[in-house]
Protein chains: 2
Amino acid sequence: MSDSVRKYDVVVVGAGPTGLLFSACLARWGYKIKHIDIRSEATVAGRADGIQPRSLDLLCNMGLKDDIMAHKPGTFRDVAFWDPDPSGLGISRTGSWPSCPASVSARYPFTTTLHQGLIEDVLIRDLERRGVHILRPWSILAFSVDTQCPDVEYPVQVKIQNMNTGDVEGIQSKYLFSGEGVKSSIRKKLGIQMSYRGSPLVNQWGVIDARISTDFPDIKSKCNIHSEAGSMMIIPRERDILRFYVQLPAESGKTCTLDDMQEVARKVLHPFRVEWEYVEWFSSYKVAQGIAAKYSSDSQRVFLGGDACHTHSPKAGQGMNTGFLDAQNLAWKIHAVQRGFASRSILATYEHERMHVAKRLLDFDASYNKLFSERRQNHNGGQPEDDDFVQAFREACDFTSGYGVTYPPNVLNLDHTHPLSAIALLSSAYPAKTTLRAGTLFPAVDVTRVIDNSTVHLEQAVPFNGAFRIYIFAGQTTTAGIPAALADFARYSLQKGSYYSSFPPVQNEGTGNFGSHCPPLPIYAFCTIFALHRSDIDIDKMVPRLLGSDRSQVYADDAAGEGTTNDTTHRRMGTDGNASAVVVVRPDGYIGCIVRLVEGSATVDVLNAYFGRFVTRSMGSRLKEEGLAGIDVPVLRR
Amino acid sequence: MSDSVRKYDVVVVGAGPTGLLFSACLARWGYKIKHIDIRSEATVAGRADGIQPRSLDLLCNMGLKDDIMAHKPGTFRDVAFWDPDPSGLGISRTGSWPSCPASVSARYPFTTTLHQGLIEDVLIRDLERRGVHILRPWSILAFSVDTQCPDVEYPVQVKIQNMNTGDVEGIQSKYLFSGEGVKSSIRKKLGIQMSYRGSPLVNQWGVIDARISTDFPDIKSKCNIHSEAGSMMIIPRERDILRFYVQLPAESGKTCTLDDMQEVARKVLHPFRVEWEYVEWFSSYKVAQGIAAKYSSDSQRVFLGGDACHTHSPKAGQGMNTGFLDAQNLAWKIHAVQRGFASRSILATYEHERMHVAKRLLDFDASYNKLFSERRQNHNGGQPEDDDFVQAFREACDFTSGYGVTYPPNVLNLDHTHPLSAIALLSSAYPAKTTLRAGTLFPAVDVTRVIDNSTVHLEQAVPFNGAFRIYIFAGQTTTAGIPAALADFARYSLQKGSYYSSFPPVQNEGTGNFGSHCPPLPIYAFCTIFALHRSDIDIDKMVPRLLGSDRSQVYADDAAGEGTTNDTTHRRMGTDGNASAVVVVRPDGYIGCIVRLVEGSATVDVLNAYFGRFVTRSMGSRLKEEGLAGIDVPVLRR
């Protein structure tokens, strides 16, 4: 077997949503991927189905939202709460709230529901267009990492087997990723333990995907139903299918049949009529919250994502969405390393960030499940707002929508309360006066593209192309020339040894990259936004060449509609026309650092310091030269 | 040859945008279509390319907008005006305005540009999904209409020929449609004359579709350029292609080459740089405004649409859009007749409405061309707003966007200034207090769907399914019961002999329909809108069964956003929470009549009178019984 056949950039095991999204990210950048799955075919029915608002942003940024929507998914915006009727007979609605309220500021404030197989199909077809084909049924037999020679190009040896023919194949790879789910063989082979919280709960749940005929009025909302006969959740799906989560009697055990589940559902919905027209899938499960002790091998060559490293109940619709974010988080970091831009040390931030989120998810899930499994009291005129369950639900919206997922300070998320930021604090441009925070998502805001007068979703202005996005909020300017701070920003960015000039665009990126089949991709993407009406912006006169060479990335902050001022987005950033800002956003949409836009070198000094902590080339920063070598870097433990 | 092979509901000749859209409409309702085109393949390059805002609504209502957008068309929102620079050297921008300003209230305030072949492709694939395949290259040899037996089922005899094999085929048909373009053989065979306005203008124009490299800054806007070297228009297209309309020297004649055109374009754009990277297509034309004397045979069995009955210059991008509206206007009327709902007499309203629009278009085109062909003076500090050309342009936006296309009063458009309305004036519910007008488009407004809290474009709430849309603006109600006027509306609608009970849904529609392959389609579609916040609407308690049986068509008028009252859409209709209204909208989105929603029978009396004028069954209306037989019906001249 020739070398060319056996060498891959990445081996991915498991073609569920997490593994597929991981491959889809890397396939965009031309990596050579071996992707196997032990199943003979993609998911046929059941399993995950809820795409949370933030995940739709993520898919949109990858150009996949339209493909999802082409399947005509279900969507819901509301959660209705039903409780035992005070009369003692049946159930009645005690409230209805948005599932993603306006306070979350989601671009798409609804949950999109689609059978997992169709979501997988969107990703599989995207991969096929990019030349990556999932091999089935193949399993991983063994793997090892050459830790003696950490700098070897393909340090991971993988042995895989065709489950039909028994053929065994050896592969050399740079990375290995497990998207195998909760029973991850890679996790077991790495000896990574799952730790479970307490004992698994006694409550057993049934799941049914079905179409029914009913006079129950809320089948276009998500419904949380507590009745004298038990609890149930209903989720509207595509093709008028509904998903039912049915609480089963504690004693039901493994013998619980579809009939048993349907009988419980019928009792819970009484006095409303239920006729089962078509059952697509059913299953049952017990709730257990578990988390892996580590997310990777010590070598940072083998990684786990999705259910392979965290398990919880499906009812808040977080499993697939958390897996998506795991996959994207890791993918861009591997790309940043492999293209020769970032140090290998940033790979440790994958576990640092994503384990932090998984722990929050488990906390949420445990409390939510406890509340959900408890029998609720009749509402005798009490305000539902006072109810623990409803309170917990409302407080959780921010997190469950995906917008409340935040990352702690680390080398990528520069927070002025964190020791890492000391270097930046030496600049007069830091910290910026802003309401944004590093480690949170860049907000969904509208601006007007100057060249064509179209309204642009600024958070989507740059696709998921691996580039750091540098948003320059240039504020107001009364001159027709280039404002001084903007001119200085461009000037110092172009100075030798800066964050920018150390990694100029369209160069051959050398040995760190994955070879000639990988097209040159931008490392930085600039978006310049003026707090002006579009008609007052003359790109040729007002925008430095560095920022204006892509004319489509110059914007007016005048898209908020009639009766508003031309700095709505500037204000949303917590700055305004007089106190402008540069916001550095990571390739995955999370804010890396926020700097004041000032005259002189101070703004670029902070950017040099920020990038200087994790890139491979030495920055010629003035700040750097002043030296702060003793600062502890807690997250870079390897 | 068996009868089944030779009999078709409709024969369509010509597979340009007009003919294809006509077939696409009828194919939705199951009609059996023979569609031929003399060309061997669809349009490869050039020709029409601009989809105006209103046409995008139309395509959206047919479920085709996403298919158009999947081709990643160009879009533009602005028109820039360039004029000779006061220095005497070159050109300078004298202004830029929205091509579809806010005053037009378009749902999509931009022009979508896409090569005509791709637009045809969207329609061809839609037809193929519905089993209609365009036959090429076939031409029509002859046709005749059996006027002796006007009630025969297939009165049209058509003879067509395969241009490759010479095979001739005879067809029996119910209707024949010419979408053949300006050289329509069917028009000639009918002996219908084109009348041209004056002599064709001396100005000759060149057209080039090309990609260029340039430093001209406005290539994402439509540009109207007047220079010392002549006039030019630039239109941005998909794939960074630009369309150039170049005014050629009067003496250039037919000998004008691509090089000549490019040289003019280069001179016009001076001092900006022009390098021709890729020329996709070019052509030249002289401007002539012509209109057919009639749009159909006297039998109302053979019809013309699109360029077959009106020609004008392409520069305002109206040809294809006018053809679309011709086709849709005729298609739903044929459907209304063939399903046994409307009298054959309504077919005369096709010419009445569409010739009216074509005449307005020719007036506009003549004045616009004249202004465009004239050399403009330097702007020496004068306000461009004062300029004739700019003025004409701005006034024309309403018309060119498609939103200003209005139909005169006739049997379908009940205007209280028109004799036809006398019958309705006997009701206390007519005329309604409203700013709407029959014959105009139902406006683009947002409402909230009660069952799922989604924001709905009310004008798109009912697809183009052939149904009349009955929007009931139910206003406010402080009771939890059904408001009295709404209850009466439902009650009298269900009374024997009413507009509704005369044509109840889901019945076998009998001999008037096209047979069993046509699924039952609704004749009426109700949308009920309350001037309330969504949370205050209980469908089961507040909506009569007639209107609430499709729960998805009950809306709250609370979608206008924060700080607004819950009657924004009611007010947009010119009514408000206290003076509610019923708006009857034709299947093509134009308003048919507007009635007050009042207690008692008065509201339904007007609907009975309105529909009673053109449906096939006698309405038991109280108003009808009072009799107004002598009213002249001017448009129903056949």
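The values are calculated or read from the model by the stated rules, or taken from the named source; none is laboratory data. From a predicted model like this one, the values you see are computed outputs, not experimental measurements. So basically every Cβ, Gly included, is an ideal-geometry build from the backbone, and we count neighbours across all protein chains shown. Side chains are part of the model used for accessible areas, which takes the heavy atoms of the whole protein and leaves out ligands, DNA and RNA. Shrake-Rupley method; radii C 1.70, N 1.55, O 1.52, S 1.80 Å.
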Using the Cα centre of region A:270-339 as origin and beta-carbon charges of +1 (Lys, Arg) and -1 (Asp, Glu), tell me which of A:HIS310, A:MET320, A:LEU330 is placed farthest towards the positive end of the dipole. A:LEU330
Less than 16 Å apart at the alpha-carbon level, and either on another chain or at least 8 residues along: which aspartates and glutamates does that give for A:LYS174? A:ASP3, A:ASP9, A:ASP146, A:ASP151, A:GLU153, A:ASP298
Rounded to the nearest 500, what is the 222 nm mean residue ellipticity of chain B from helices alone, with -39500 (n - 2.57) per DSSP H run of 4+ residues and division by all residues? -7500 deg cm²/dmol
For region A:214-252 the residues that are at least 50 Å² less accessible with all protein chains than alone, 1.4 Å probe, are A:PRO217, A:LYS220
With +1 on each Lys and Arg Cβ and -1 on each Asp and Glu Cβ, how big is the dipole of chain A about its Cα centre, in debye rounded to the nearest 20? 1540
Heavy-atom accessible area, 1.4 Å probe, ligands and nucleic acids excluded: residues of region A:434-453 down by at least 30 Å² from chain alone: A:ILE451, A:ASP452, A:ASN453
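I need the shape label for chain B. Rule: rounded when a/c is under 1.5, else prolate if a/b > b/c, else oblate, with a, b, c from the alpha carbon gyration tensor.
Taking the square roots of the gyration eigenvalues as a ≥ b ≥ c, chain B is oblate.
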Area accessible to solvent at A:LYS159, 1.4 Å probe radius, in Å²: 100
How high is the relative contact order of region B:151-309, given as a whole-number percent (alpha carbon pairs under 8 Å, six or more residues apart)? 33
Shape call, the protein assembly as shown: gyration tensor on alpha carbons, a/c limit 1.5: oblate
Distances in nm between the label point of A:GLN193 (7 Å along Cα→Cβ) and its equivalents in the other copies, shortest first, are 10.0
Taking Cα centroids, how far is region A:120-170 from region A:21-69 in Å? 17
Heavy-atom accessible area of chain A with neighbours in place, 1.4 angstrom probe: carbon+sulfur share in percent works out to 50
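What is the antiparallel percent of DSSP beta bridges lying wholly in the protein assembly as shown, to the nearest 5? Mind showing how you got there, number by number?
Details: 152 of 208 bridges.
The antiparallel proportion sits near 75 percent.
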Kirkwood calc, region B:46-97, C-alpha pairs only, radius in angstrom 13.9
Sequence order, region A:529-535: Karplus ³J(HN,Hα) from phi using 6.51 cos²θ - 1.76 cosθ + 1.60, θ = phi - 60°, Hz rounded, Gly and Pro as x, gives 10, 9, 7, 9, 6, 3, 5
Exceeding the 30 Å Cα-Cα cut-off - candidates B:LYS7/B:LYS188; B:LYS286/B:LYS333; A:LYS189/A:LYS286; B:LYS7/B:LYS286: B:LYS286/B:LYS333; B:LYS7/B:LYS286
Which helices, counted as full DSSP H runs in chain B, have an axial Cα extent of no less than 24 Å and a Kyte-Doolittle average of -0.5 or above? B:319-338
For an R0 of 25 angstrom, estimate the FRET efficiency from the Cβ-Cβ distance between A:LEU494 and B:SER213 and round to the nearest 0.05. 0.55
Which whole-number percent is the relative contact order of chain A (Cα, under 8 Å, 6+ apart)? 15
If the cut-off is a Cα-Cα distance under 19 Å, which aspartates and glutamates reach B:LYS370, setting aside same-chain residues fewer than 8 apart in sequence? B:ASP83, B:GLU228, B:GLU251, B:GLU385, B:ASP386, B:ASP387, B:ASP388, B:GLU395
Placed amide H near A:THR94: partners under 5 Å, 5+ positions off or other chain: A:PHE81, A:TRP82, A:ASP83
Debye, to nearest 20: dipole size of region A:212-338, +1 on Lys, Arg Cβ, -1 on Asp, Glu Cβ: 500
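What does the buried accessible surface come to for A and B, summed over both chains, with the probe at 1.4 Å? Round to 100 Å².
1200
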Between copies, how close do the A:GLY340 label points come, placed 7 Å along Cα→Cβ, listed in nm from shortest? 7.8
Rounded to whole Å, how close does chain B get to the rotation axis onto A by Cβ? Give me the residue too, please? B:ASP66, 4
For a quick check of understanding: with a 1.4 angstrom probe and all protein chains in place, what accessible area in square angstrom does B:MET163 have, to the nearest ten? 100
Might you report the magnitude of the Cβ-based charge dipole of the protein assembly as shown about its Cα centre, with Lys and Arg at +1 and Asp and Glu at -1, to the nearest 20 debye? 1560
How many angstrom lie between the C-alpha centres of region B:186-248 and region A:585-606? 47
Would you check the accessible area of A:THR322, probe 1.4 Å, heavy atoms only, in square angstrom rounded to 10? 10
Please list 3J(HN,Hα) in residue order for region A:239-249, calculated via the Karplus relation 6.51 cos²θ - 1.76 cosθ + 1.60 where θ = phi - 60°; whole Hz, with x for glycine and proline. 6, 6, 6, 10, 9, 10, 9, 10, 6, 9, x
Among the listed pairs B:LYS72/B:LYS267; B:LYS32/B:LYS183; A:LYS72/B:LYS222, which are separated by more than 28 Å between their Cα atoms? B:LYS72/B:LYS267; A:LYS72/B:LYS222
Students often check this: by mean Cβ neighbours within 10 Å, which of A:450-456, A:314-320, A:274-280, A:134-140 ranks highest, and how do the rest follow? A:314-320, A:450-456, A:134-140, A:274-280
Copies of A:HIS133 compared via label points 7 Å along Cα→Cβ give distances in nm, shortest first, of 3.0
With a ≥ b ≥ c taken as the square roots of the eigenvalues of the C-alpha gyration tensor of region A:246-319, please select rounded if a/c is under 1.5 and otherwise prolate if a/b is larger than b/c or oblate if it is not? prolate
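In chain A, what percentage of the DSSP-assigned beta bridges are antiparallel, given to the nearest 5?
Numbers: 76 of 104 bridges.
That works out to approximately 75 percent antiparallel.
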